[in-house]
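Here the structure is laid out as structure tokens; the discussion comes afterwards.
The values are calculated or read from the model by the stated rules, or taken from the named source; none is laboratory data. Predicted model, so just to flag it, every value in this text is computed and none were measured. Heads up, the Cβs are rebuilt from the backbone with ideal geometry, glycines too, and the neighbour counts pull from every protein chain shown. Please note that ligands, DNA and RNA were not included when accessible areas were found on the heavy atoms of the full protein model with its side chains. Shrake-Rupley method; radii C 1.70, N 1.55, O 1.52, S 1.80 Å.
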Amino acid sequence: IGRTKELKDLKRYIANPRVNSIALVAPGGLGKTALALDLLNTIVSTPSFSVNLDAVIFITMKTEKLTSDGVVSLDSIETIEELRINIVESVNDAFDEDYTNFDEVIKILESKKILLCVDNLETLLREDQGSFEELNYQLPALWKVLVTSRIIISNSTIVSLDSLKESSATTLARTYHTKRGGQSLNQDEYIQIAKKCFYNPLAIRLSIDLMMSGKDIPNSLNVANREIAEFSYNNLINALSKESVEILEAIFVESTSTRLSLCELLDYSMDQVSEAIGELSRTSLITRESTDLGELYLLSNSVRELLLISPRNIEFRHQVIDRINRLRNLANEIDIRQSQKELAEWH
């Protein structure tokens with residue numbers, strides 16, 4: 001629901017012979033896997049796509065899922081070698097063959113047009129991003145790769161997901177509640193559910209699951225948002241360097257930051273800031289805007305609200321706030337002295 005444009009973009013990239021690698025990137029809970037599966041379902045049920053593809057393979061690296069009962073661990077692959085083995089097994093299922101190793105598969109199926117979809121790739125990227133790039137280069141030229149990830153994949157065409165629009169989020173709340181067998185609420189209540197969930201699809205579904213288990217609406221919303229924050233961001237943020245985490249908190253406090261302001265706030269060198277910004281830019285945590293003054297850095301829409309609920313490092317956040325206040329007080333003091341001494345404006 002509410003992903004028509006993104007689905008259209010994905011189908012266009014799949015049909016484009018110049019695009020070999022596509023990354024569907026978003027924070028947790030925004031529906032990356034659901035959209036990927038919807039795309040694959042569309043492909044395998046649309047005869048015209050047979051011109052572009054001979055087979056579709058879906059492999060998940062999701063190690064846990066969030067339910068109304070909490071986080072549930074999944075028995076999933078986590079290493080590059082397990083991914084290779086899984087590709088062989090999936091190819092054998094798709095073509096009714098009995099290949100024994102990865103090298104044999106890519107050699108024999110070199111002329112086949114295969115779409116390989118790897119879900120939750122950040123499981124592997126956190127430990128070894130280079131290994132996936134090496135595997136991707138090994139794949140035949142006619143194969144396409146679609147991945148879902150919270151971390152941006154280098155050398156890929158990126159499709160980003162943001163929170164749903166209010167109308168779509170409200171429709172999702174009503175539709176899911178009805179399909180779960182709930183007694184219909186009025187439109188304003190569904191709007192409030194969507195709004196309180198920050199238009200995050202997983203948070204909406206979890207909130208309704210909790211309501212169906214007997215909890216009242218406010219309590220359901222609070223629990224769902226807390227769980228989403230924990231599930232969606234902690235693993236990702238824990239994989240970041242200390243400098244990146246501190247820059248994330250500084251951007252949270254400043255709202256809009258530049259490299260220079262981050263250097264001043266954190267007492268970092270420009271090289272340190274640039275390296276950390278590079279790391280954050282490979283995730284979906286921050287966005288960039290180009291202006292006449294240079295690049296500006298902002299938190300992604302849903303990240304700001306979720307960091308309010310589950311602050312990564314509240315002690316450091318207070319330190320940044322104190323530093324900003326000291327700088328502002330110092331600036332005010334300079335202005336007052338300048339005025340008292342009747343100094344020129346640009347003195």
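Taking trypsin sites (Lys or Arg not before Pro) as exposed when DSSP calls them loop and at most 11 other C-beta atoms lie within 10 angstrom, the chain has its longest site-free stretch at 19-340. On a per residue basis, the chain carries 52 Å² of accessible surface, using protein heavy atoms and a 1.4 Å probe. The residues Glu166, Glu110, Glu342, sorted by heavy-atom accessible surface at 1.4 Å with ligands and nucleic acids left out, run Glu342, Glu110, Glu166 from largest to smallest. Among Ala250, Leu221, Thr63, pick out the residue whose Cα is farthest towards the positive end of the charge dipole of the chain, where Lys and Arg carry +1 and Asp and Glu carry -1 on C-beta, about the Cα centre. Of the options given, the answer is Leu221.
With the convex hull drawn around the C-alpha atoms of region 40-152, the volume per residue stands at 129 Å³. For the chain, averaging the sequence separation of C-alpha pairs within contact (under 8 Å, six or more residues apart) and dividing by the residue count gives a relative contact order of 18 percent.
Each of Val223 and Ala15 was given a label point 7 Å from its Cα along the Cα-to-Cβ line. The distance between the two points is 4.5 nm. For the chain, a simple Cβ point-charge model (Lys and Arg +1, Asp and Glu -1, everything else neutral) yields a dipole of about 1300 debye relative to the Cα centre. Taking 0.36 nm per residue of sequence separation and removing the Cα-Cα distance, the Asn41/Asp96 pair yields an extension gain of 17.8 nm. For region 1-64, the direction-averaged projected area of the alpha-carbon convex hull comes to 5.0 nm². The accessible-area ordering, largest first, of the residues Glu227, Glu275 stands as Glu275, Glu227, per a 1.4 angstrom probe.
Spin-label pair Leu260-Leu330: with each label point 7 Å from Cα along the Cα-Cβ axis, the two points sit 1.6 nm from one another.
Projecting the Cα atoms of Leu185, Met212, Thr42 onto the charge dipole of the chain, computed from C-beta unit charges around the Cα centre, puts Leu185 farthest toward the positive end. The fraction of all Cα pairs in region 78-206 landing in successive 5 Å bins from 0 to the largest distance is 2, 9, 16, 15, 11, 10, 9, 10, 9, 6, 2, 0, given as whole percents. The residue list Asn16, Ile152, Gln272 was ranked by how far each Cα lies along the charge dipole of the chain toward its positive end, using unit charges on Cβ atoms, and Asn16 comes out on top. Remark: for residue pairs Lys144/Lys195; Lys8/Lys196; Lys65/Lys113; Lys32/Lys196; Lys32/Lys195, the C-alpha separation exceeds 27 Å in Lys144/Lys195; Lys8/Lys196; Lys65/Lys113. Heavy-atom surface analysis with a 1.4 Å probe gives the chain a carbon and sulfur content of 48 percent of its accessible area. Its Cα gyration tensor gives the chain an equivalent ellipsoid, and the semi-axes of that ellipsoid, as √(5λ) in whole Å with the largest first, are 41, 28, 18.
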